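Undergrad: The following block contains the structure, expressed as structure tokens.
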Amino acid sequence: MQVELIRVDDAFHFEAQGMSGVPVQIDAAENVGGHNAGSRPMELLLMGLGGCSAIDVLLIMKKQRQVVEDLKISVSGERVKIEGTEMSPFRKINVHFKFKGNIQEDKAQKAIVMSMEKYCSATAQFLGSAEITHSFEIE
């Protein structure tokens with residue numbers, strides 16, 4: 001897998017593109033000289049985790065014959081600064097699934113656990129560096 005970033009302006013705005021060909025805007029906050037014209041890189045990490053797990057969960061629930069009318073995912077991350085550096089990686093992450101539809105709780109739980117423990121490569125990327133928890137609700 002490969003991605004490419006192209007600088008858009010003379011500050012921190014980049015357009016990134018992967019094999020899908022779909023552009024993604026990345027930028028820094030205005031207080032450091034960015035234009036707030038895109039997502040921050042650390043936000044993209046959480047979005048990737050949420051997206052990876054969402055695809056798994058929907059595929060598994062489809063096989064379980066669950067009717068998912070809508071799915072919203074909130075991913076929150078807690079960062080901790082590494083002493084002596086400016087780095088602050090995620091140490092705790094929670095992925096919250098909010099389902100709408102005719103869904104059995106036990107099947108939703110099973111789909112989430114399967115994604116988090118067996119299928120989601122983005123989850124695996126954080127193993128050893130962040131504690132990942134999950135929760136869900138059904139409307």
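Laboratory data are not the source of any read-out in this text; all were calculated from the coordinates shown. Being a predicted model, the structure only gives us computed values, none of them experimental. With ideal geometry, Cβ positions are generated from the backbone for all residues, glycine too; neighbour counts draw on all protein chains shown.
Undergrad: I want the local charge near Q104. Using Cβ-Cβ distances under 11 Å, sum +1 for each Lys or Arg and -1 for each Asp or Glu among the other residues.
TA: Every neighbour counted, the sum reads +1.
Undergrad: Can you compute the helix-only [θ] at 222 nm over the chain? Use -39500 (n - 2.57) per DSSP H run of at least 4 residues, normalise by all residues, nearest 500 deg cm²/dmol.
TA: -9000 deg cm²/dmol
Undergrad: Counting DSSP beta bridges in the range 41-138, what percent are antiparallel, to the nearest 5?
TA: In the range 41-138, approximately 60 percent of DSSP beta bridges are antiparallel ones.
Undergrad: Work through the residues other than K72 whose Cβ is under 12 Å from its Cβ and net out their charges, Lys, Arg +1 and Asp, Glu -1.
TA: Computed value for this residue: -2.
Undergrad: Also, quick follow-up: What is the dipole size for the chain, taken about its Cα centre, with +1 at each Lys and Arg Cβ and -1 at each Asp and Glu Cβ, in debye to the nearest 20?
TA: Roughly 640 debye, rounded to the nearest 20.
Undergrad: What residue among L59, L127, G84 has its Cα farthest toward the positive end of the dipole of the chain, where the charges are +1 on Lys, Arg and -1 on Asp, Glu, each on the Cβ?
TA: L59
Undergrad: Say each of V3 and L59 gets a label point 7 Å from the Cα, pointing the same way as Cα to Cβ; how far apart are those two points in nm?
TA: According to this spin-label approximation, the distance is 2.0 nm.
Undergrad: May I pose another question? If you average the C-alpha positions of the range 90-139 and of the range 1-53 separately, how far apart do those two centres end up, in angstrom?
TA: 24
Undergrad: Please compute the contact order of the chain in relative form: average sequence separation of alpha-carbon pairs under 8 Å and at least six residues apart, divided by the residue count, as a percent.
TA: 19
Undergrad: Another question about this same structure. Ordered by packing density, taken as the mean number of other Cβ atoms within 10 Å over each peptide's residues, highest first, how do 108-120, 77-89 rank?
TA: The packing order, highest mean first, is 108-120, 77-89.
Undergrad: Counting just the Cα atoms, what span does the range 1-55 cover along each of its three principal axes? Round to the nearest Å and put the largest first.
TA: Sorted largest first, the three principal extents are 35, 20, 13 Å.
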